[in-house]
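The values are calculated or read from the model by the stated rules, or taken from the named source; none is laboratory data. Keep in mind the model is a prediction, meaning the values are calculated, not measured. Cβ coordinates were reconstructed from backbone atoms using ideal geometry, including for glycine residues, and neighbour counts include every protein chain displayed.
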Amino acid sequence: MGFLSFALFMLLLLCVLEFVSAQPKTEPLEVDAMNKIIDHWNLRRKVNLNIDPCIQNASWAPETANPRIACDCSATVCHITHLKIYALDIYGEIPQELFLLTELMDLNLDQNVLNGSIPPAIGQLSKMQYLGLGINNLTGPVPAELGNLTKMISLSFSSNNFKGTLPPELGNLTSLQQLYIDSSGLTGPIPQELSNLKSLQTLWASDNGFTGKIPDFLGTFTQLKVLRLEGTNLEGPIPSSFGSLTKLEDLRIGDVGGSDTSLDFLENLTSLSILSLRNCRISGQIPEHLTTLPNLKILDLSFNKLTGPIPASFRNSASLQYLYLGSNNLNGDLPTDIIGSALIALDVSFNPLTGNIPTYRKDISVNVVGTSINDVNLDNEKASQMLHCLQGNNTNCRTKNPSTSFSVNCGGVEKVSADGIKYDDDSEMMGAASLYTSTNNQWAVSSYGIFISNPSGPRYIAQTDSQITNTLDSELYKTARVSPNSLRYYGLGLENGVYRIELHFAEIQMDDDSTPSWKGLARRLFDVYIQGERVIEDFNILNEAGGSKKALIKTFEANVTNTVIDIHLFWAGKGTCCIPLQSTYGPLVSAIHVSQVSEFKVSSSESDRKRVGRIAGIVIGCVAVFVVIGSVVYLWRAKKEPAHMRVHNESPRKD
């Protein structure tokens, strides 16, 4: 019996050995290359390749594995076809051994800290279908050899630091369905050769230095579902050929100069769910067909040149949730029944609109600052009057007891600083189109926009438990107001004069830890306007402060001539969008302190009051007569402009 058992055991062992020996082995050249790649990126602890990398049931083979190595063993020799090293903070250059894996079909190196350039040898991986190099620290030019990978379906090299232009050879990738090149550092015109990419379904190209006209050939990509072109140097008009993109679900174009654009091309784009054409020089009236798009959830046409009334037919939309029409020339009464059943937020600020806000559900946020609409949310008559002064058509904005300073702890509770300044509570949770007036009526804050891609919902207050350095007031910087688009603070009922504005910043959402990590590759960029004049362009808190969680104070001086000061932080489509989390971008401010420097006398006579306008950025120290002369010239020009045009001068629109 013992002999029989032993014989059976030996027979089973022989069968196992025969099975193992019959399994194809991995190409030795690839095994050697894979081992060198693992050592180059210090991954030996995660993937111990003491055995064949293509062995059956290897722990690194499933789709969920990371790192992942998967193979094709259908022939007599196994070949490595899939390699994923995702978000593991590997650093250093891309090793040449990678290009010996010539059977690779899927390479995912996203979200690491790779540096150096993409070697031209990448063109040897001719079977590549999915290539991910996004969110790294790669530099140099985008290699023309990428054009050799003609089987490519998805290509990503967004959020890097490349130099130069898009290679025309990318036009060879006629099977490409997804192209992610946002925040990649590219400049120059978009090559005409890319017109061959007729299979594209997704194109992210925002936050690049692209120049020239928006390419007309984009309108021939009839398979497109998602197109993002925000924060570039491209010029309009938006081509009429875009009217052929009937499969578009998400269209975001912003911050373009050049010629004016109409909305006629949108008539047949019935698949749209997200439509953002912010600061695009859109002119003319809002067409009725725009109100009938059956799937539209988010519509942003703010900071344009739209005229005429707001169509009341918006009320018929069963899908529209967010409607942003601020900073245009829209006039007439706000339709009393504009609010549809699905609407969550409505912003019509800074338009020469009149009338009353209609009765609406309490769960809807509405912003009408800078209009002549009577806001039922503003119970305080003084605050309402002061905010209407922002429209520019009220030249007699006075208050019996003017203030000469105000201070705000943006996003936080009341704090007293080390030098004894009381910063007011600003912890009110605001919505996607909100206006909040302080309890002392000395200031107000408005915000609009929705963090579209944030799966956790909108977050308009940023917080940290970390200590803030470079300051004696760390607690003041542990909270901040943040907005996806436009954030404005207003000083109300101020005595006319020259004011010092201190804006306090600390980057508390983006990190730059000493340990290299992809989470430290984020860039927040936004513009700052005071009294309608841009005082900072492409402001990067982290860079100017010398790191994250470090306090920074920016100081300015401006005139108040009509009791109101306007501090506007505006996102112009630039900076990364998704590091360390989706929808991490937009203006951010920690605290504000405004105080009068000197009194600026304004005559109370009727003739002088008609000449009162906005004066921003007067340099103190000049001879007084030059200040007066300069002010009179500016005010004379302001008088010659219609009131609604003075509102538009505050717009960030490019000309």
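Just to be sure I understand, how many residues within region 147-200 are aliphatic (A, V, I, L, M) and under 16 Å from residue 226 (Cα atoms)? Within region 147-200, residues that are aliphatic (A, V, I, L, M) and under 16 Å from residue 226 (Cα atoms) number 7. Which residues, counting only those in region 45-92, are aliphatic (A, V, I, L, M), farther than 17 Å from residue 132 by Cβ and not in a loop (DSSP other than H, G, I, E, B)? Matches in region 45-92: 77 only. Of the strands (runs of 3 or more DSSP E) entirely within region 115-202, those holding at least 1 residues that are farther than 17 Å from residue 223 by Cβ and in contact with a strand residue (DSSP E or B) (Cβ under 7 Å, 6 or more places away or on another chain) occupy 130-132, 154-156, 187-189. Just one of the listed residues (116, 92) is more than 17 Å from residue 33 (Cβ to Cβ), surrounded by fewer than 17 Cβ atoms within 10 Å (Cβ to Cβ) and either in the same structural domain as residue 28 (by TED's automatic domain parsing) or among the acidic types (Asp, Glu) (or both), namely 116. Among the criteria (1) over 25 Å from residue 120 (Cβ atoms); (2) buried (at least 19 other Cβ atoms within 10 Å of the Cβ); (3) not β-branched (Val, Ile, Thr), the one residue 198 does not fulfil is (2). Looking at region 197-211, which of the residues that are aliphatic (A, V, I, L, M) and farther than 12 Å from residue 573 by Cα is nearest to the chain's Cα centre (by Cα)? Only one residue fits best here, namely 203. Applying the condition of being part of a loop (DSSP other than H, G, I, E, B) and acidic (Asp, Glu) to region 93-109 and asking which residue is farthest from residue 44 (Cα to Cα) yields 103. Would it be correct to say that residue 489 is surrounded by 22 or more Cβ atoms within 10 Å (Cβ to Cβ), closer than 25 Å to residue 450 by Cβ and either of a type in the set (S, T, N, Q) or touching a Leu at 6+ places or on another chain (Cβ under 9 Å) (or both)? It is true that residue 489 is surrounded by 22 or more Cβ atoms within 10 Å (Cβ to Cβ), closer than 25 Å to residue 450 by Cβ and either of a type in the set (S, T, N, Q) or touching a Leu at 6+ places or on another chain (Cβ under 9 Å) (or both).
If you filter region 415-434 down to residues that are of a type in the set (Gly, Ala, Ser) and assigned to a strand (DSSP E or B), you find that the one that is modelled with the highest pLDDT is 433.
The single residue among 106, 110 that is at pLDDT 95 or above, within 27 Å of residue 582 (Cα to Cα), out of contact with any His (no Cβ under 6 Å at 6 or more places or on another chain) and among the acidic types (Asp, Glu) turns out to be 110.
Rundown of residues vs (1) modelled with pLDDT of 95 or more; (2) closer than 20 Å to residue 255 by Cβ; (3) in a loop (DSSP other than H, G, I, E, B), yes/no style:
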| site | (1), (2), (3) |
| --- | --- |
| 436 | no, no, no |
| 439 | no, no, yes |
| 452 | no, yes, yes |
| 514 | no, no, yes |
| 519 | no, no, no |
| 544 | yes, no, no |
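The condition (being touching a helix residue (DSSP H, G or I) at 6+ places or on another chain (Cβ under 7 Å) and modelled with pLDDT of 60 or more) is satisfied by just one residue among 372, 384: 372. Considering only residues in region 271-293 that are assigned to a loop (DSSP other than H, G, I, E, B) and of a type in the set (D, E, K, R), the one that is surrounded by the fewest Cβ atoms within 10 Å (Cβ to Cβ) turns out to be 281.
Does residue 574 count as more than 15 Å from the chain's Cα centre (by Cα) and charged (D, E, K, R)? So residue 574 does not fit the description; no.
The set of residues in region 573-587 that are touching a helix residue (DSSP H, G or I) at 6+ places or on another chain (Cβ under 7 Å) and surrounded by 23 or more Cβ atoms within 10 Å (Cβ to Cβ) contains only 579. Taken as a whole, the condition of being in contact (Cβ under 8 Å) with a residue 12 or more places away in the chain and buried (at least 19 other Cβ atoms within 10 Å of the Cβ) does not apply to residue 427. Within region 563-599, being of a type in the set (Gly, Ala, Ser), farther than 30 Å from residue 401 by Cβ and part of a strand (DSSP E or B) holds for one residue alone: 575.
For residue 312, the criteria (1) of a type in the set (Gly, Ala, Ser); (2) in contact with a Pro (Cβ under 9 Å, 6 or more places away or on another chain); (3) surrounded by 17 or more Cβ atoms within 10 Å (Cβ to Cβ) hold in every case but one, which is (3). Filtering region 140-171 to residues that are under 21 Å from residue 211 (Cβ atoms) and either in contact (Cβ under 8 Å) with a residue 40 or more places away in the chain or crowded, with 17+ Cβ neighbours inside 10 Å (or both) leaves 142, 157, 158, 159, 160, 162, 165, 166, 167, 169, 170, 171.
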